[in-house]
Amino acid sequence: MGRTVALVTVMSGTGRKTRLLLYGAYGYTGRLAAELAVARKLEIILAGRNKAALTKLGGQLGLPTRVVELEDSTQLAEALKDIACVIHMAGSFAVTSAPMLDACLATQTNYIDITGEIEVFEEMWLRREEIRRAGITAVPGAGFDVVPSDCVAAHVAGKLEQTTSLIIALRGLRSASQGTLRTAIRQISKPALCRRAGKIIPLDDPAPRWMDFGSGPKPFVPVSWGDVATAFHSTAAGNITVYFHRTKLLRSANVLGKLFGPLLRSGIGQKGLAAMVRHFPEGPNQTERSRHRVTIEAEAIDASGNSFKASLSTPDPYDFTANSSLEIASRISLLSAPLGLVTPSQAFGPDFVLSLPGCSRQDIPASRR
């Protein structure tokens, strides 16, 4: 059979550190995670730089708080000295991940974040040896980016002797929080990235690809999704492409990017877009989230053209992120030994996603091209 991913044995921790720290707790996704942490009775501390917002949220939820600036390394290290694992939710992570990781390395604190940015993953993997030497576990992309897609990719890759190519497609991404939109602004009009022969490069052919999720063929367009970086480490596949279902909104954004790319990428354009985001809803409400599901399909292909597909259905990405990040942080805090830098499926196996509420997977039989 294909590549085997060893499952981690989770044991009760024996160290003094037991508490989790949720940084960026008053953001949209952070609040969802904080509320869920209360429901799960987790030993968690809320943190961030905005004292007023933090104090208000801590009072509402009955949770302790710590006001800390990422730029103040001494203050940050002091805040982490009794923390088992940081759940980092304050983006954009291209700016915030490095100082938080620095503090975690200095204090031997486990680290997870919810980034989906390829460049952040790549920078993190350049520090893999530092993380190993520090004796901690780090799992970047512990939310919807990239837990479900990483797990289903690892699952299909494990069905083949040696996967050379991965195709991942997502359908049902309809709404976004202000934080997600701010991150997306940075990608406006940039070429979609893929992995070819192990290297991350701009995709030569951005043309839509027609795919069938069971309701007839639909157009999908290539995107720069986190799995272009992470699935390489999870599966050893040297060729990876990720697609989104081409909705009207995505098609309009693509047209605007082509017509006004230089302007949108300029400082003035980025500031203008950021100002517009502030007028959008903070994120989908509970009713909207409860009605929303996402489908992810992954196909693994070997050098002989053999392939295997599977489809994964998940709840709304924001509810998923709250659940997955808390579960990963809790499991990391109980590990008998550190794992170093790992993807979600490397840490807990391809079936980890099936342990999360509302997730189901269906295999599609192997075929020969």
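Here is the list for the stretch 280-369: GluC sites (Glu not before Pro) lying in DSSP coil, each with at most 15 other C-beta atoms within 10 angstrom of its C-beta, are GLU282. Just check the stretch 316-369 against the gyration tensor rule for me: Cα atoms, a ≥ b ≥ c as the square roots of the eigenvalues, rounded for a/c under 1.5, and otherwise prolate or oblate depending on whether a/b exceeds b/c. Since a/c reaches 1.5 but b/c is at least a/b, the shape of the stretch 316-369 is classed as oblate. Per-residue extension of 0.36 nm, minus the Cα-Cα distance of ALA106 and LYS41, leaves a gain of 20.6 nm for this segment. Annotation: amide H of MET211 within the under-5 Å range of LYS218, PHE220, sequence separation 5 or more or interchain, hydrogens built in the peptide plane. Per-residue Cβ neighbour counts within 10 Å put ARG196, ARG133, ARG171 in the sequence ARG133, ARG196, ARG171, beginning with the fewest.
P(r) tail, the stretch 117-176: Cα-Cα pairs separated by more than 12 Å, 76% of all pairs.
Footprinting exposure proxy ranking of MET124, MET100, MET89, MET211, fewest other C-beta atoms within 10 angstrom first, gives MET211, MET100, MET124, MET89. Rounded to the nearest angstrom and listed largest first, the equivalent-ellipsoid semi-axes of the stretch 23-141 from its Cα gyration tensor are 23, 15, 13. Checking every one of the GluC sites (Glu not before Pro) in the stretch 47-118 against DSSP loop status and a limit of 13 other Cβ atoms within 10 Å picks out GLU69, GLU71. For the stretch 28-77, the list of trypsin sites (Lys or Arg not before Pro) that fall in a loop by DSSP and count at most 12 other C-beta atoms within 10 angstrom reads ARG40, LYS41. Ordered by the count of other Cβ atoms within 10 Å of each Cβ, fewest first, TRP210, TRP225, TRP125 give TRP210, TRP125, TRP225. Shown is the FRET efficiency for LEU126 and GLN286, computed with R0 = 51 Å from the Cβ-Cβ distance and rounded to the nearest 0.05: 0.85.
Each Cα pair of the stretch 50-120 feeds into the Kirkwood radius, which the Stokes-Einstein equation turns, at 25 °C and 0.890 mPa s, into a diffusion coefficient of 189 µm²/s.
Read the figures in this text as sums done on the coordinates, not as results from a lab. All values derive from a computational prediction rather than experimental measurement. As a convention, Cβ positions derive from the backbone with ideal geometry for all residues, glycine included, and neighbour counts pool all protein chains shown.
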